[in-house]
Every structure is written in structure tokens, then in C-alpha cells.
Amino acid sequence: MSALQVVVERPVMFQTWRDLTFLHWRYPATAVQELLPPGLTVDTHDGDAWVGLVPFVMAGIRAPYVPALPWLSRFPETNVRTYVIGPDGRAGIWFFSLDAARLAPVVVARLTYSLPYVWSDMSVRVDGPTQHYLCRRHRTPDQRCDATVRVGPPIPEPSPLEEFLTARHRLYSVRSGRMVAADAEHGPWPLRRGELLDLDQNLLEAGGLPAPVGDPLVHASAGVLVRVSGWREVSSGS
């Protein structure tokens, strides 16, 4: 097991993430740091922060000892995220937003995980090597993400930057004014090259970020099986 991976001994949830695309842009570290809560420091690579737009299919959601419900446990999701160092010194993810196509999981995730989920009209269509993602927010339909990506050849050995962008197993949130973290255990991503064919999005700007500049880095993955831990409060040295 890679030193970057974690082990979740007592998972509270099982998930499968499928048909992912990772779109990443460089950002000035100061611009991202201004949007983070106290206790989190933007994580940088070669001096720059990175912001990711990640559409995919969430599937097989279930609690331990409970079967997945077919309709509720599978839906498209898109997240806008950046990379941070927590007060405990661990590298992780901070989400600016998470769009999902099922209202019940959105409500549960907002209440139990304090994550900024948004209910959206979404679809994912896979046509051979081409993947199409559509997202429109129900309450603010002008906020959207439409992307078409062609999946390319596999990446046998991720570069340090690709590891930085994808090998993240901890997520941070703030609950009742306190910083908390949860871990996601999964194997190494089966990463592939990707080519962005079309993109019309403003979810990054809706999250308070400046509009991205230039073409993003594009990666794709068939997905991974995931074991998710419960939240625990974190502080310096914890």
C-alpha cells in the first residue's frame, strides 16, 4: 500500500466512484487562501494552488450491513475542490461545492457531514471513449457545468503533480464552528490521459473563485471502491 493511502478500520459508509474526469487549473495561492476557513492552509505545488472540477457517478452508497438501494444509491455528482493542509498537518481536500442529482442524499450530507451539497439536474453519458457530463442547479439554473471529455491512454506511473492532485484521502469540513476531518480509503486511481472537447461551466465562479485562466489539466478514471470514516474533530498536533 502506498504511503499516501489510509486505512479506515471502522467505515460508516461504502461508496463507488465511477467514470470520473479531473479538470484542474492553477490558481494564485493567495486567491484560494482567502476563501478557506481558519485552520486550513492552501496546499501548493511549485508555488501554485490548484482547483479541481470533478464530475463523476456516485454508486453503491450504503451503510455497513445494509444493502445499497438501487435508486437512491446511484446518481451523478460534480465537486469543486482545492487542496489544503489541515491544523493536524495532514494533506486533504476542501470542497467549495458538491452538486448531486438526488435530493435525499443532498439533505443527509448537508445535515450529517456539513458539506456544501447542492441539488442539481444532472446526467452522465458514456459513449465509448467519450464522456458527457451535464449539470444545472435547480434553484439557480444559470449555474452549470457541461463538459465533454475523450478518455485517452493509461498513465502507468503518475507524476508528482498527478499524485498531488488525486492521491487525497482526507476531507475537511467545519461543524458547529469546529474543524473536523474524515478519511476515504481506496486503492490507487487507475488514471488515464484525457482530452477536453467542450466545457461550459461557472461553478468555480459560483463558489467565489476567480474565473479559471487557460486550459485545464485533464485526467480520467474508471473509478475506485471507497470506505469512508466518520468525522472527528482535529486540531494542531491531533
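The values are calculated or read from the model by the stated rules, or taken from the named source; none is laboratory data. Everything quoted here is computed from the prediction, not taken from an experiment. Because the Cβ atoms are built from the backbone with ideal geometry, glycine has one as well, and the counts that use them run over all protein chains shown. Just the protein is used for accessible areas: all its heavy atoms, side chains included, with ligands, DNA and RNA removed. Shrake-Rupley method; radii C 1.70, N 1.55, O 1.52, S 1.80 Å.
Do you know which of the residues in the stretch 81-93 that are open to solvent by less than 40 Å² (accessible area, probe 1.4 Å) and of a type in the set (A, V, I, L, M, F, W, C) is farthest from L23 (Cα to Cα)? Spell out how you get there, then give the answer.
Residues of the stretch 81-93 that are open to solvent by less than 40 Å² (accessible area, probe 1.4 Å), as a first pass: 81-84, 86-88, 92-93.
With of a type in the set (A, V, I, L, M, F, W, C) added as a condition, the list becomes 84, 93.
Working: V84: 17, I93: 15 Å.
Taking the candidates together, the pick is V84.
Hey, among L209, L196, L204, which residue is open to solvent by 20 Å² or more (accessible area, probe 1.4 Å) and aliphatic (A, V, I, L, M)?
Numbers: L209 fails: open to solvent by 20 Å² or more (accessible area, probe 1.4 Å); L204 fails: open to solvent by 20 Å² or more (accessible area, probe 1.4 Å).
Step by step, each of L209, L196, L204 is checked, and only L196 is open to solvent by 20 Å² or more (accessible area, probe 1.4 Å) and aliphatic (A, V, I, L, M).
For the stretch 119-163, what are the residues that are of a type in the set (S, T, Y), open to solvent by less than 40 Å² (accessible area, probe 1.4 Å) and either more than 11 Å from T78 (Cβ to Cβ) or without any contact (Cβ under 8 Å) to a residue 24 or more places away in the chain (or both)? Spell out how you get there, then give the answer.
If we filter the stretch 119-163 for residues that are of a type in the set (S, T, Y), which is where we start, we get 120, 123, 130, 133, 140, 148, 159.
Subsequent filtering for residues that are open to solvent by less than 40 Å² (accessible area, probe 1.4 Å) retains 120, 130, 133, 148.
Matches in the stretch 119-163: T130, T148.
Count, please, the residues in the stretch 139-161 that happen to be assigned to a strand (DSSP E or B), under 18 Å from the mean Cα position of the chain (by Cα) and either within 25 Å of Y172 (Cα to Cα) or among the small types (G, A, S) (or both).
3
Is it the case that the stretch 13-22 has a residue that's open to solvent by 40 Å² or more (accessible area, probe 1.4 Å), within 22 Å of P212 (Cβ to Cβ) and not acidic (D, E)?
no
At pLDDT below 95 and either open to solvent by 60 Å² or more (accessible area, probe 1.4 Å) or under 20 Å from P105 (Cα atoms) (or both): is that true of V57 in this structure? If you could, list the steps in order and put the result at the bottom.
On the way: at pLDDT below 95: no; either open to solvent by 60 Å² or more (accessible area, probe 1.4 Å) or under 20 Å from P105 (Cα atoms) (or both): yes.
So V57 fails the test.
Being closer than 25 Å to L165 by Cα and either hydroxyl-bearing (S, T, Y) or free of Cβ contacts under 8 Å to residues at least 40 places away in the same chain (or both), is that true of even one residue in the stretch 83-90? Reasoning before the result, please.
Going residue by residue through the stretch 83-90, those that are closer than 25 Å to L165 by Cα are 83-90.
Next, only the ones that are either hydroxyl-bearing (S, T, Y) or free of Cβ contacts under 8 Å to residues at least 40 places away in the same chain (or both) stay: 83.
For the stretch 83-90, residues closer than 25 Å to L165 by Cα and either hydroxyl-bearing (S, T, Y) or free of Cβ contacts under 8 Å to residues at least 40 places away in the same chain (or both): present.
Please verify whether the stretch 197-220 includes one or more residues that are of a type in the set (D, E), part of a strand (DSSP E or B) and modelled with pLDDT of 95 or more. Outline the logic, then answer.
Going residue by residue through the stretch 197-220, those that are of a type in the set (D, E) are 198, 200, 205, 215.
Remaining after also requiring part of a strand (DSSP E or B): 198, 200.
Next, from what is left, pick out any that are modelled with pLDDT of 95 or more: 198, 200.
Yes, because at least one residue in the stretch 197-220 is of a type in the set (D, E), part of a strand (DSSP E or B) and modelled with pLDDT of 95 or more.
Counting just the residues of the stretch 212-238 that are on the phi < 0 side of the Ramachandran plot and of a type in the set (G, A, S), which one comes out surrounded by the fewest Cβ atoms within 10 Å (Cβ to Cβ)? Reasoning before the result, please.
Here is the first cut: in the stretch 212-238, the ones on the phi < 0 side of the Ramachandran plot are 212-213, 215-222, 224-236, 238.
Remaining after also requiring of a type in the set (G, A, S): 220-222, 229-230, 235-236, 238.
Values: A220: 25, S221: 23, A222: 14, S229: 21, G230: 14, S235: 11, S236: 9, S238: 13.
So, considering only residues that are on the phi < 0 side of the Ramachandran plot and of a type in the set (G, A, S), the one surrounded by the fewest Cβ atoms within 10 Å (Cβ to Cβ) is S236.
Would you be able to say whether some residue in the stretch 215-238 is within 20 Å of Q33 (Cβ to Cβ) and small (G, A, S)? I'd like the intermediate steps shown before the answer.
Step one: list which residues in the stretch 215-238 are within 20 Å of Q33 (Cβ to Cβ), which gives 234-236.
Still in the running and small (G, A, S): 235-236.
Within the stretch 215-238 (the criterion being within 20 Å of Q33 (Cβ to Cβ) and small (G, A, S)), the answer is yes, since at least one residue qualifies.
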